[in-house]
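Bear in mind these aren't lab numbers, they're just calculated from the coordinates by the rules spelled out. Computed from a predicted model, the values in this text were never measured in an experiment. Because the Cβ atoms are built from the backbone with ideal geometry, glycine has one as well, and the counts that use them run over all protein chains shown.
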Amino acid sequence: MTTLLELHNIKVQAEKTTILEVDELTVNNSEVLVLLGPNGAGKSTLLQVAAGLKKPTSGKVYFSNQQNLSDLEFRRKVSTVFQSPLLLNDTVENNIASGLKFRGLHKKEINQKVQYWMDQLHILPIAKRQAKVLSGGEAQRVSLARAFCLETKLMLMDEPFSALDNPTRQGLLDDLRTILMRTNQTCIYVTHDLEEALSVGDRVAVLLNGKIHQVSQTQEVFSHPSNPEVAAFMGVDNIIPGNVFGLDNNLLQIQADHTIFEAVGDIAIGTQVYICLRPEDITLFNDDQILKPSSARNHVSCQITQIINQGPFMRVQLKSGFSLTALVTSRSVKEMGLEVGKTVLAVFKASAIHLISSGKIQ
Amino acid sequence: MQNLLDGILKAFELLFKGDPEVVRITLLSLEVSGLATLISLIFGLPIGTFLALVKFPTRRFWISLINTGMALPPVVVGLVVCIFLWRNGPLGFMHLIYTPTAIVIAQVLIAFPMAAGLTLSSLQQLDPKLRIQLLGLGASKIQMVIILWKEAKLPLIAALIAAFGSVISEVGASMMVGGNLLGSTRVLTTAIVLETSKGLFASAIALSIILLLIAFLVNLVLTSIQQRRH
């Protein structure tokens, strides 16, 4: 896969505080790279640096095949969509044409492209409408059409749908995914939403506190976070420090507090690790229940400390020397008579555990 | 009451008869204040834009200066311009005192801070992210500024109305630097002061009606441009 854009040794400082520090980041042709991170992690700053809209305090950003572009030439190879559509006080079609007009294209060509992209984004019927009377979803469709019609090498999207209600957001995400796939458009997509990252991204770069912690294929980031911070952000609620002390039946034996865990992995004995376990991978049983034989190797007796209602699911907080969180259906909670103070058995497979090495050997 | 009625009758008489002196005074007022507004805009629009968009160390100082300038009393401006243009003053060699040019200079000093200050605040009212979005769509810096002006069209035209209104209606500076010379530097406001001081209320009212009419017509044109499509 060929590289389109490269960022090297980027540092952005604001009032002598470093808000972004990225040693290296590359964007490949035809991929959607998701910049994922919580609010204030520096995602938007990184996006603006990549778009040539913000000068980094130090470091270089360039297109792999064209390194000596002027600021304007660079910016014209990129199109941007922001969270707020920021439309001009004009009609829908004139808004979409604005970027093409900046580039001095012929009127006929502008009209052709504008019509095509309005059709692609299903906004032809509102072409003559004034931008200020549009709904949030319509306005963001206009903003997308305005960016796509520029047909730039690289498209940058900064949380484009985060201000929209869920059904509108899903509709736009579906259309965006379809267009991105059909056009092979290279895109950097900024979001703090894990679902969005999963649904649009080919690769994910996790940005925490101004630093990139992991860049991997999307599924890889979710299933194998590289450190406890990434794991926590990825929704791995259970991160328990432990120590690998043995190997039995090809399963690593890990001690955490007074509990022995069995996990799949390739880590040297004596290594300090973090046991990462997603709450949805834990099954709860009443402690007097007779368990059927299963492949689940880990059984931990715990006491329920809190039950939080999350609609169809309940988040059950458990205590057993360390804290555990399990995600259980509301029906199971009712059927099993789960309540605070009750003792239950938390059961999970050895393969459900993802181990992160701390790098320290005991 | 009689004075008022006489004045109104005299005003219509002067208006319809096209009294040459009244026509001359009216045209000079329009010419001087129109030119002063135009010059103020030529300098005020870019300077106000620069102050709104570019951050530099002494920016706050210049913004405070412009804001203070918006409240400058015309007589103070008149005094300063007088001192500079006076025969023995630093610019006395230009022989501009008591000429229409001197009035234009004074009125530019009154209208310029207004044009710059109101441009500045008009552009600052826009979403600052709009600039980033425009650059992100490939606009050059100049294209970006033009779009920002279009987006701030309403308050910018309000600035133009305010600038013209402030100079067409001021009297202190015009009187001091122009001297209110018949056939040369007499404008509507200075003529009104003179006629009133002579007790010729009818003429003063007539000239006032003309002044109000001009202000109204200019504002009508500008407002119709401003409110188009709104």
Query raised in the report: Under 16 Å from the 7 Å Cα→Cβ point of B:Asp127, by amide nitrogen: which residues of the stretch A:143-179?
Result: A:143-147, A:157-165
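Work through the residues other than A:Gln140 whose Cβ is under 14 Å from its Cβ and net out their charges, Lys, Arg +1 and Asp, Glu -1. Each step should come with its number before you reach the end.
On the way: positive: A:Arg141, A:Arg146, A:Arg169; negative: A:Glu138, A:Asp158, A:Glu159, A:Asp165, A:Asp174, A:Asp175, A:Glu196.
Summing Lys/Arg as +1 and Asp/Glu as -1 gives -4.
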Report task. Using label points projected 7 Å from each Cα along Cα→Cβ, tell me how many nm separate A:Asn111 and A:Ser351, to one decimal. Result -> 6.1 nm
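Going by the alpha-carbon gyration tensor, a ≥ b ≥ c the square roots of its eigenvalues, is the stretch A:278-353 rounded (a/c under 1.5) or, if a/c is not under 1.5, prolate (a/b greater than b/c) versus oblate?
Details: a/c = 1.37, a/b = 1.34, b/c = 1.02.
Taking the square roots of the gyration eigenvalues as a ≥ b ≥ c, the stretch A:278-353 is rounded.
Please sort by residue number the trypsin sites (Lys or Arg not before Pro) in the stretch B:25-134 whose DSSP state is loop and whose Cβ has at most 11 other Cβ atoms within 10 Å. If you can, show how the numbers build up before the last one.
On the way: sites: B:Lys55, B:Arg59, B:Arg60, B:Arg87, B:Lys129, B:Arg131; in loops: B:Lys55, B:Arg87.
Hits after loop and neighbour filter: B:Lys55, B:Arg87.
Quantify how strongly other chains surround peptide A:86-96 by giving the mean number of their Cβ atoms within 10 Å of each of its Cβ atoms.
3
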Query - Percentage, to the nearest whole number, of Cα pairs in chain B over 31 Å apart - result: 33 percent
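What net charge do the residues around B:Ala204 carry, taking every other residue with its C-beta under 10 Å from that of B:Ala204, with Lys and Arg at +1 and Asp and Glu at -1? Mind showing how you got there, number by number?
Numbers: positive: B:Lys10, B:Lys198; negative: B:Glu195.
Counting the neighbours of B:Ala204, the net charge comes to +1.
Subtracting the Cα-Cα distance from 0.36 nm times the residue separation, let me have the gained length for A:Ile361 to A:Glu339 in nm, one decimal. Don't jump to the answer; show the numbers that get you there.
Working: separation 22, 0.36 × 22 = 7.92 nm, distance 4.00 nm.
Contour length minus Cα-Cα distance gives 3.9 nm.
Under 8 Å for C-alpha pairs, at least 6 residues apart: give me the relative contact order for the stretch A:287-340, rounded to a whole percent. Could you put the intermediate results ahead of the total?
On the way: 64 pairs, mean separation 15.3, N = 54.
Relative contact order, the stretch A:287-340: 28 percent.
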Requested in this report: For chain A, find the longest principal axis of its Cα atoms and tell me its angle to the long axis of helix A:107-120, 0 to 90°, nearest 10.
Outcome: 30 degrees
Query - Overall form of the stretch A:217-307 per C-alpha gyration tensor (a/c, 1.5; a/b vs b/c) - result: oblate
Report summary line: Between A:Ala232 and A:His299, the two model label points (7 Å from Cα along the beta-carbon direction) sit apart by a distance in nm of 3.3 nm
Report task. Just flag the GluC sites (Glu not before Pro) in the stretch A:148-247 sitting in loop per DSSP whose Cβ has no more than 15 other Cβ atoms within 10 Å. Result -> A:Glu151
Query raised in the report: What is the spin-label model distance, in nm, from A:Ile308 to B:Val76 if the labels are put 7 Å beyond Cα along the C-beta direction?
Result: 6.1 nm
Query raised in the report: Under the definition of Cα pairs under 8 Å and six or more residues apart, what whole-number percent is the relative contact order of the stretch A:121-223?
Result: 20 percent
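Stokes-Einstein D for the protein assembly as shown at 37 °C, 0.692 mPa s, Kirkwood Rh over Cα pairs, in µm²/s? Display every interim value, and only then the final one.
On the way: Rh = 30.0 Å.
Translational D for this selection: 109 µm²/s.
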Query - Cα gyration tensor shape of the stretch A:111-206, rounded if a/c is under 1.5, else prolate or oblate by comparing a/b with b/c - result: oblate
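Net charge near A:Val344, counting Lys/Arg +1 and Asp/Glu -1 over other residues with Cβ under 12 Å of its Cβ? Please list the in-between numbers first.
On the way: positive: A:Lys319, A:Lys342; negative: A:Asp287, A:Asp288, A:Glu339.
Residues close to A:Val344 contribute a combined charge of -1.
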Report task. Find the relative contact order for the stretch A:3-232 and round it to a whole percent, using C-alpha pairs within less than 8 Å whose residues are 6+ positions apart. Result -> 29 percent
Query raised in the report: Can you give the extra length, in nm with one decimal, that the chain gains between B:Leu15 and B:Ser184 once fully stretched, where that is 0.36 nm per residue apart less the Cα-Cα distance?
Result: 58.8 nm
